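In what follows, a structure is listed as structure tokens, so that the remarks can point back to it.
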Amino acid sequence: MKEGQRRKIVVTKPLSLEGESDLDAPNLLQRILSLFKNVRPGSDLSRFQVPALFNLPKSQLQCYGESVYSTGMELIRECNRGQSPLDRLIAVMAWSISTTRPATFGVAPYNPILGETHHVSKGTLNILLEQISHHPPVTALHATDEKENIEMVWCQQPVPKFYGTSVEAKVHGKRQLKLLNHGETYEMNCPHLLFRIIPVPSVDWVGTVNIKCIETGLVADLSYKSTHSFLGFGGNQKVVKGKIRNSSTLNVLYEVDGHWNRTIKVKDTNNGKMRVIYDAKEVINGLQAPMVKDAESVWPTESAYVWSEVSEAIMKKEWEKAREAKHAVEERQRELLRERESKGQTWISNHFLVSNTKEHGWECSPMHTSVSDAPIIAE
């Protein structure tokens with residue numbers, strides 16, 4: 001936790017392989033089941049209010065940001081330095097896998113408020129996120145590295161649904177990684193988060209991820225799998241399998257195999273040679289909380305500021321104080337909404353041009369060509 005002289009700014013350790021949890025809830029499974037007793041299977045949980053007892057001490061905006069800035073910088077640099085288009089696609093795939101982070105069963109980050117931001121720098125990489133819609137929750141991300149000449153643009157909408165014995169959060173939208181030195185744009189999606197409630201509580205990433213370079217036609221198809229044996233025990237979890245192919249010839253160039261929380265290997269289909277392209281222990285282990293370099297420059301919309309009272313109470317396990325602080329944040333948002341509606345005003349993003357159509361869904365584009373240095377620094 002870091003505190004500015006005038007503003008309380010609370011930053012916490014990123015989600016990492018240690019699987020740390022700030023939740024202290026006895027009879028966890030029973031409590032979780034009680035949350036859904038009046039929820040029908042198939043219901044969209046986007047508007048579901050989670051009690052502070054079940055919150056991580058951070059916003060979803062921070063979780064998205066951590067997946068970009070809490071990682072080894074060599075991964076993103078390798079994307080740019082690959083000698084061939086195939087080398088660069090493999091590096092982009094490894095980086096994409098690195099954005100997959102462990103989740104803890106029974107806890108969830110805060111649903112960001114409208115206009116909430118998260119602005120962090122790591123080295124020459126500057127990252128800015130903004131919540132561009134509250135209902136439904138939609139997040140935009142823009143990151144630039146002027147030294148490496150790299151740009152990222154994301155627009156994501158998580159849609160959690162309750163299925164009786166599980167909750168699956170599908171993440172709609174796309175991510176773009178632009179290697180400007182090479183004139184290449186890589187488009188990709190991300191896996192879905194699956195919470196199994198019974199027979200054995202568990203959480204894992206599942207689904208298909210497609211990574212495509214628009215200019216070269218090279219494609220990586222990845223399948224995130226989580227299987228359980230009899231009665232939910234054992235099985236093979238956190239598995240990633242896939243292939244790299246040329247979309248024009250359909251030739252499979254590499255096979256992909258491994259676990260996103262351990263190592264990922266690729267096998268050259270021409271000569272059978274295998275090599276490790278990603279090691280989770282080197283990338284997402286022992287991560288440290290960002291540092292507040294300049295508290296006075298932190299925006300009032302910053303996640304670490306907006307939710308500071310709630311996060312501090314959660315970390316101290318002062319649940320009633322956390323509940324009250326969370327209610328205060330949410331009630332203030334309701335008041336602002338009522339004010340806008342009474343004046344006939346529509347909220348407009350401060351950092352992105354936003355559109356939402358039936359054909360394309362939510363889309364966003366940054367208002368500025370680059371992201372400025374941030375007052376919060378990731379190490």
Length-normalised contact order of the chain, Cα under 8 Å, at least 6 apart, in percent, tallies to 20 percent
So, relative contact order of segment 86-189 in percent, Cα under 8 Å, 6 or more apart, is 15 percent
Largest fluctuation, T144, T357, T227 only, Gaussian network model of the chain with Cα springs under 10 angstrom, belongs to T357
Over the chain, the sum of -39500 (n - 2.57) across DSSP H runs of at least four, divided by residue number and rounded to 500 deg cm²/dmol, gives at 222 nm -6500 deg cm²/dmol
Net charge near R81 (other residues with Cβ under 12 Å of its Cβ; Lys, Arg +1; Asp, Glu -1) is -2
Once Lys and Arg are counted +1 and Asp and Glu -1 for all other residues with Cβ under 13 Å from that of V203, the total becomes +1
Here FRET efficiency (C-beta to C-beta, W299 to D279, R₀ 30 Å, nearest 0.05) is 0.25
In whole Hz, the Karplus estimates of ³J(HN,Hα) for segment 366-377 (6.51, -1.76, 1.60; θ = phi - 60°; x where Gly or Pro) are x, 6, 10, 6, 9, 9, 6, 4, 9, x, 10, 10
GNM of the chain, Cα pairs under 10 angstrom: of G164, G82, G183, the biggest fluctuation goes to G183
Charge tally for neighbours of S342 with beta carbon under 13 Å away, counting Lys, Arg as +1 and Asp, Glu as -1, is +1
Ranking W307, W347 from most to least accessible area with a 1.4 Å probe gives W347, W307
Quarter of the surface of the C-alpha convex hull for segment 39-126, i.e. direction-averaged projected area in nm², equals 8.3 nm²
FRET efficiency (E215, K343; Cβ distance; R0 45 Å; to 0.05) is 0.45
Computed over segment 323-370, the relative contact order (Cα-Cα under 8 Å, seq sep at least six) in percent reads 22 percent
Once Y163 and N246 are pulled to full extension, the length gained, defined as 0.36 nm per residue separation minus their Cα-Cα distance, is 26.2 nm
Quick note, segment 330-376: a/c under 1.5 would make it rounded; otherwise a/b > b/c is prolate and the rest oblate (a ≥ b ≥ c, C-alpha gyration tensor); here it is oblate
Taking the reciprocal of mean 1/r across every pair of different Cα atoms in the chain, the Kirkwood radius in Å is 21.7 Å
Checked segment 267-379 with the C-alpha gyration tensor, a ≥ b ≥ c its square-rooted eigenvalues, rounded below a/c of 1.5, otherwise prolate if a/b is larger than b/c and oblate if not; verdict oblate
Per its Cα gyration tensor (rounded if a/c is under 1.5, else prolate when a/b beats b/c, else oblate), segment 111-261 is best filed as oblate
Rounded to 0.05, the calculated FRET efficiency for the beta carbons of I198 and K358 at R₀ = 25 Å is 0.10
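The values are calculated or read from the model by the stated rules, or taken from the named source; none is laboratory data. A quick note: this is a predicted structure, and the numbers were derived from the prediction, not measured. Backbone-built Cβ (ideal geometry, glycine too); neighbour counts: all protein chains shown. With ligands, DNA and RNA removed, areas are computed over all heavy atoms of the protein, side chains included. Shrake-Rupley method; radii C 1.70, N 1.55, O 1.52, S 1.80 Å.
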